[in-house]
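**Student:** Below you'll find the structure I mean.
Computed from the coordinates by the stated procedures, all read-outs in this text should not be read as laboratory data. Keep in mind that this is a model prediction, so the values were computed, not measured. Here Cβ is always computed from backbone atoms with ideal geometry, including for glycine, and neighbour counts include all displayed protein chains.
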Amino acid sequence: MKTFTYVITDPIGIHARPAGQLVKTAQQFQSRIVVEHKGKKSEATRLMSLMGMNIRHGDTVQVTVEGADEEAAVERMQTFFQEVL
């Protein structure tokens, strides 16, 4: 299991466009990818659940990756968050 935290820098937070991109990125991996914010958790492949977490600019999220390809998945997710969110 691999975990990292990230502070959201997107001025709007996780809204429809980046949430959709996050889902597509997460779907490329076999590993289970979970985003946690203020005690709420969502699998990164569940668009409406991610958007319902109300993640805003400046919020800190924790991302947990667990599975067969977790090394590649955590690297890609860290890059995604830095480039998009």
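**Student:** Debye sum, Cα scatterers, the chain, no solvent: what log₁₀ I/I(0) at q = 0.18, 0.23 1/Å?
**Tutor:** Log-scaled intensity ratios, in q order: -0.65, -1.12.
**Student:** A follow-up question, please. Let me check I've understood the local charge: for Glu43, count other residues with C-beta under 13 angstrom from its C-beta, Lys and Arg +1, Asp and Glu -1. What total comes out?
**Tutor:** +2
**Student:** Any idea what the relative contact order of the chain is, in percent, if you count C-alpha pairs under 8 Å spaced at least 6 apart?
**Tutor:** Normalised by residue count, the contact order of the chain is 46 percent.
**Student:** Can I ask one more? Around Gly67, with a cut-off of 11 angstrom between Cβ atoms, what is the net charge of the other residues, counting Lys and Arg +1 and Asp and Glu -1?
**Tutor:** Numbers: positive: Lys2, Arg32; negative: Glu66, Asp69, Glu70, Glu71.
Charge balance in the 11 Å sphere: -2.
**Student:** Among Arg46, Arg17, Arg56, which one shows the highest mean-square fluctuation when the chain is modelled as a Gaussian network with alpha-carbon springs under 10 Å?
**Tutor:** Largest GNM mean-square fluctuation: Arg17.
**Student:** Now a separate question. Along the charge dipole of the chain, pointing to its positive end and built from +1/-1 on Cβ of Lys, Arg, Asp and Glu, which listed residue (Met53, Thr5, Gly20) has its Cα farthest out?
**Tutor:** The Cα lying farthest towards the positive end belongs to Met53.
**Student:** Can you check what the net charge comes to around Met53, using other residues whose Cβ is under 11 Å from the Cβ of Met53 (Lys, Arg +1; Asp, Glu -1)?
**Tutor:** Here the charged neighbours net out to +3.
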